[in-house]
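First up is the structure itself, then whatever we jot down about it.
The values are calculated or read from the model by the stated rules, or taken from the named source; none is laboratory data. Quick caveat, the model's predicted, so the values are computed rather than measured. Every residue, glycine among them, receives a Cβ derived from its backbone with ideal geometry; neighbour counts consider all protein chains shown. Please note that ligands, DNA and RNA were not included when accessible areas were found on the heavy atoms of the full protein model with its side chains. Shrake-Rupley method; radii C 1.70, N 1.55, O 1.52, S 1.80 Å.
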Amino acid sequence: MQRDKYEQLLSTRNERRTLSVHEIHGPERTLAYGFTSDKGTWHCYLDGANIHVLVYRRSTNSVVSHLASPTWNVAELAPDKRVYPESVDAEFARLLLERGQDLPYTRFDDKRHAPVAELTFHGAVYDPDTAALVQADPYA
């Protein structure tokens, strides 16, 4: 490889490392659902004009963290542990992969897929007006 090709390759790696809500088509929905290394439930979803990343404790129905933004660095759109592939939006996964961000998948579970296949949100969502979780988590 020539130096100019090498430098071009390196600069390409850092391009498009963000994802905007305007690049995700379709209705409000779960984009990815999984868990964190400290056993928090991790839910990334499209709601309104923002992409939300919510971490909560199912056992206590309490919010650990919630962030919402129209644009994200793609590295922040993957949990530090695993996502359930049956609860990942295919378009979202493709957009992340195009930007160099893979999701840490666990195994596909057909039994888990059946109860969530038709749900809009696969986990709880955050209500900023009450600072509480709304919409029951189907796995709580």
* Treating cross-link reach as a plain straight distance, find the aspartates and glutamates whose alpha-carbon is under 16 Å from the alpha-carbon of Lys81, omitting any fewer than eight places away in the same chain. => Asp38, Asp102
* Asked: Any idea what the dipole of the chain comes to, in debye rounded to 20, about its Cα centre with Lys/Arg Cβ at +1 and Asp/Glu Cβ at -1?
  -> 480
* Could you work out Rg/(2.2 N^0.38 Å) for segment 38-90, with Rg from alpha carbons only? -> 1.14
* Calculate what fraction, in whole %, of the accessible area of the chain sits on carbon and sulfur atoms when a 1.4 Å probe is rolled over the protein chains. => 50
* Accessible area per residue, Å², the chain with all protein chains present, probe 1.4 Å -> 59
* Compute the acute angle (0 to 90°) between the alpha-carbon long axis of helix 3-13 and the principal axis of greatest extent of the alpha-carbon atoms of the chain; round to the nearest 10°. => 10
* Asked: Going through segment 1-84, which trypsin sites (Lys or Arg not before Pro) have at most 14 other Cβ atoms within 10 Å and a DSSP loop state?
  -> Arg16, Arg17, Lys39
* **Scattering curve values for the chain, log₁₀ I(q)/I(0), Debye with Cα scatterers, q = 0.09, 0.15 Å⁻¹** => -0.29, -0.73
